[in-house]
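**Q** Structure incoming, see below.
Any read-out appearing in this document is the output of simple, stated calculations on the displayed coordinates, not a laboratory observation. None of these values were measured; they are calculated from a predicted model. Cβ coordinates were reconstructed from backbone atoms using ideal geometry, including for glycine residues, and neighbour counts include every protein chain displayed.
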């Protein structure tokens with residue numbers, strides 16, 4: 001079982017109270033918590049912040065969503081960088097759990113997923129920023145500062161996806177269940193059996209799915225749903 005990591009402080013790092021270790025009090029830095037299940041990503045972010053940014057410091061690292069919530073409660077960071085898909089508790093649920101403790105918590109999603117449903121769910125849960133992992137270093141640093149200052153920071157191309165998601169027709173919970181089974185290659189009869197509904201109802205849901213997603217086949221529906229982040233293959 002992974003254990004949560006407490007950030008170690010270098011000779012010139014700032015302790016969580018804003019006091020430099022072994023030095024006189026100095027300017028308080030933005031205290032950042034990093035949550036990502038990929039060690040290389042965490043190490044890269046920690047190195048980037050600690051070596052290059054005098055106004056920020058890393059106070060903790062989490063390897064999954066549940067640890068992120070635990071470390072957030074322990075350190076109460078100024079800003080949290082959170083991956084969207086992690087083991088034990090995914091990013092959206094971690095955001096909700098953190099904001100249940102403090103609705104003003106400042107959280108930035110840093111992920112590889114840019115489906116309009118992914119963006120929508122994260123912002124709806126309370127994320128104040130949303131960035132992809134290939135973002136330039138300075139853009140990430142700027143986002144941290146802006147979110148710390150109380151702003152919302154989402155790139156324009158993701159704002160456009162969010163607008164499409166909000167303005168578009170939403171699939172019902174049952175339609176998404178049908179779509180997930182379609183993605184597994186199940187026939188209408190098998191879907192009906194799995195969901196305890198009639199084949200006719202399955203066909204009706206299929207027609208509604210095709211119309212809402214503007215597609216004409218199961219293959220297109222599954223591909224579009226995957227792109228949007230509605231289902232995961």
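**Q** Counting only residues that are in contact with a strand residue (DSSP E or B) (Cβ under 9 Å, 6 or more places away or on another chain), buried (at least 16 other Cβ atoms within 10 Å of the Cβ) and part of a helix (DSSP H, G or I), how many does the stretch 42-91 have?
**A** Adding up the residues that qualify gives 13.
**Q** Next question. Checking the condition touching a helix residue (DSSP H, G or I) at 6+ places or on another chain (Cβ under 6 Å) and over 13 Å from residue 35 (Cβ atoms), which residue from 96, 104 passes?
**A** 96 is the lone residue from the list that is touching a helix residue (DSSP H, G or I) at 6+ places or on another chain (Cβ under 6 Å) and over 13 Å from residue 35 (Cβ atoms).
**Q** Restricting to the stretch 175-210, name every residue that is in contact (Cβ under 8 Å) with a residue 24 or more places away in the chain and more than 30 Å from residue 86 (Cα to Cα).
**A** Those that are in contact (Cβ under 8 Å) with a residue 24 or more places away in the chain and more than 30 Å from residue 86 (Cα to Cα): 202, 205, 206, 208.
**Q** Kindly list the number of the only condition in (1) assigned to a loop (DSSP other than H, G, I, E, B); (2) in contact with a strand residue (DSSP E or B) (Cβ under 9 Å, 6 or more places away or on another chain) that fails for residue 146.
**A** Among (1) assigned to a loop (DSSP other than H, G, I, E, B); (2) in contact with a strand residue (DSSP E or B) (Cβ under 9 Å, 6 or more places away or on another chain), the lone unmet condition for residue 146 is (1).
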